[in-house]
Amino acid sequence: MAFINYSSREIQLKIVYYGAALCGKTTNLVTLHKQITHAQKGELVSLATDADRTLFFDFLSLNTKTLPGFTTRFQLYTVPGQAIYNTTRQLVLKGVDGIVFVVDSHWDKMADNVESFANLQENLIENHLSLVQIPYVLQYNKRDIPNAAPINYLEFTFNNRANRALAFEGVAATGVGVLETLNAAARLLLAKYSKTPNANVTGLSQPNNSVVVPPPADAPQVPAGNVAA
């Protein structure tokens, strides 16, 4: 839920990057921290194992002057992908305003992606929330790998809801689609909490590579446990 501090004229909005282990959540934040100007970013805090997996969260704040009279501060978090840290995932989701769900494009990671999406919905319920209430964006990451899962398959599996989400192709390690994904999530939140439908985030590029398309009739069979409603 957005936190409004009237004394400091500041609005704080929390965006959580969610997904399976090693799908690219941490890489998104690391890349963003490198690309965004020094004046816009806070310190990036990471707690990881020797295997370079996020254990707790990464934190990054972006300050913009978007809403008249207020400074908008975006707080970006990731959750640990490993199932044993599910309690931490639930804690990180507390007070969430928007979500970026990161999908690993490797075929052999599809079951993990589907399980993580289902887990996201379960943990939102634990926080008395749902994807109907929370604006979210999809990022299909690692599009540079050989034989990546086709976009139409990913759309059919993760984006076949009545109200389709914005989705972006990405290569988080090189920065492709990273700013576009964040900007889309930020714009959704600003539109929700302001009276300006086209509210934008100062300094971030416009989302111009949306890959939202109708599900194809010949799409591969959705894996067991598909969670799109």
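What follows draws every value from the coordinates through simple rules; no lab data is involved. Note that the structure is predicted; figures quoted are calculated from it, not measured. In this analysis, Cβ positions are derived from the backbone assuming ideal geometry, glycine residues included, and neighbour counts consider all displayed protein chains.
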Exercise. Quote to one decimal, in nm, the extra length available between T87 and N5 on full extension: 0.36 nm per residue of separation minus the C-alpha distance between them.
Key: 26.6 nm
Quiz item: If you project the alpha carbons of the stretch 3-193 onto the principal axes, what extent comes out on each, in Å, largest first?
Solution: 51, 35, 30
Quiz prompt | Amide N of the stretch 60-97 lying under 12 Å from the label point, which is placed 7 angstrom from the Cα of E122 along Cα→Cβ | solution = 83-87, 90
Exercise. Could you please rank H106, H128, placing first whichever residue has the fewest other Cβ atoms within 10 Å of its Cβ?
Key: H128, H106
Exercise. Pull up the DSSP beta bridges for the stretch 3-193 and report the antiparallel fraction as a percent, rounded to 5.
Key: 35 percent
Exercise. Can you tell me the dipole magnitude for the stretch 8-158 around its Cα centre, using point charges on the Cβ only (Lys, Arg +1; Asp, Glu -1), in Debye to the nearest 20?
Key: 560 debye
